[in-house]
Amino acid sequence: SQQGEEDPQALSIQEGENATMNCSYKTSINNLQWYRQNSGRGLVHLILIRSNEREKHSGRLRVTLDTSKKSSSLLITASRAADTASYFCATDWGSARQLTFGSGTQLTVLP
Amino acid sequence: EAQVTQNPRYLITVTGKKLTVTCSQNMNHEYMSWYRQDPGLGLRQIYYSMNVEVTDKGDVPEGYKVSRKEKRNFPLILESPSPNQTSLYFCASSLSPLASGRVYEQYFGPGTRLTVT
């Protein structure tokens, strides 16, 4: 399966700390996307990184992509209680013209 | 406001009773998709559509049907629901990947929680 695998499955940190989540995948990709989901609600797109990019920033988010290791990481700096959510990576691979989602990392930021 | 809407948001039904979950987007997107989300399994794609009258199976299409008669609507049909279709369903839309060959960011609806007893 091409499904991305997030690591860790769950992460609990204090407000103000940084949170790092990792995603690994199996085959070559066109791009990799990160999404956030608040409990039971729709997913919200956070950031897209193309296969020829190595790092991308958006506000407090930093995403890296290492195609040689087939992995990506999402760093949330200076976390807030409002960042509590599930985070998913999704890969666009081959000519399938579809996104394949991982099973997510549940982040809890304690006030 | 750009959005994807789904109806109903919650549905409890019985085995075998046909149902339709509607999905509509106001962003003029060509690409639309249905996912189901189950604990520990992430999101799995059921069907997707590249444009009007063009639909294709995703990873878990069994037991589902879709149609794309209009650009803005992409209903999901369960002809004979079974308990293993109890799940949280999401519709999503985006620009078409056809020209670029890349999948763009997806805009998700709020979800439909379906329970089949």
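In this structure, does residue B:39 turn out to be open to solvent by 20 Å² or more (accessible area, probe 1.4 Å), free of Cβ contacts under 8 Å to residues at least 24 places away in the same chain and closer than 19 Å to residue A:88 by Cβ?
Working: open to solvent by 20 Å² or more (accessible area, probe 1.4 Å): yes; free of Cβ contacts under 8 Å to residues at least 24 places away in the same chain: yes; closer than 19 Å to residue A:88 by Cβ: yes.
Taking the combined requirement at face value, the residue satisfies it.
Does residue B:80 satisfy being assigned to a strand (DSSP E or B), touching a residue at least 12 places away in the same chain (Cβ under 8 Å) and either of a type in the set (Gly, Ala, Ser) or farther than 27 Å from residue A:5 by Cα (or both)?
no
Name the residues in the range B:55-64 that are more than 11 Å from every other protein chain (Cβ to nearest Cβ) and either in contact (Cβ under 8 Å) with a residue 12 or more places away in the chain or among the aliphatic types (A, V, I, L, M) (or both), would you? I'd like the intermediate steps shown before the answer.
Start the filter on the range B:55-64 by keeping residues that are more than 11 Å from every other protein chain (Cβ to nearest Cβ), which leaves B:55, B:60-64.
The answer is B:55, B:60, B:61, B:63, B:64.
I need a count of the residues in the range A:58-111 that are within 11 Å of chain B (Cβ to nearest Cβ) and over 26 Å from residue A:40 (Cβ atoms).
Residues that pass the stated criteria total 5.
Quick one: in the range A:1-31, of everything that is of a type in the set (Asp, Glu) and part of a strand (DSSP E or B), which residue is farthest from the other protein chains (Cβ to nearest Cβ)?
A:7
Of all residues in the range B:26-50, which are of a type outside the set (Val, Ile, Thr), within 12 Å of chain A (Cβ to nearest Cβ) and farther than 14 Å from residue B:103 by Cβ?
Within the range B:26-50, the first condition is being of a type outside the set (Val, Ile, Thr), and the residues that meet it are B:26-45, B:47-50.
Next cut, within 12 Å of chain A (Cβ to nearest Cβ) only: B:30-45, B:47-50.
Within the range B:26-50, B:34, B:36, B:37, B:38, B:39, B:40, B:41, B:42, B:44, B:47 meet the criteria.
Yes/no per residue for (1) within 14 Å of chain B (Cβ to nearest Cβ); (2) in a loop (DSSP other than H, G, I, E, B); (3) in contact (Cβ under 8 Å) with a residue 60 or more places away in the chain; (4) of a type outside the set (Phe, Trp, Tyr):
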position: A:33; (1), (2), (3), (4): yes, no, yes, yes
position: A:45; (1), (2), (3), (4): yes, no, no, yes
position: A:49; (1), (2), (3), (4): yes, no, no, yes
position: A:53; (1), (2), (3), (4): yes, yes, no, yes
position: A:56; (1), (2), (3), (4): yes, no, no, yes
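Suppose we filter B:74, B:90 for residues that are surrounded by 20 or more Cβ atoms within 10 Å (Cβ to Cβ) and away from every other protein chain (no Cβ under 14 Å); which single one remains?
Just a single option satisfies the conditions, and that option is B:74.
The values are calculated or read from the model by the stated rules, or taken from the named source; none is laboratory data. Keep in mind that this is a model prediction, so the values were computed, not measured. A quick note on method: Cβ atoms are made from the backbone with ideal geometry, for glycine too, and the neighbour counts reach across all protein chains shown. The accessibility values were calculated without ligands, DNA or RNA, using every heavy atom of the protein model including side chains. Shrake-Rupley method; radii C 1.70, N 1.55, O 1.52, S 1.80 Å.
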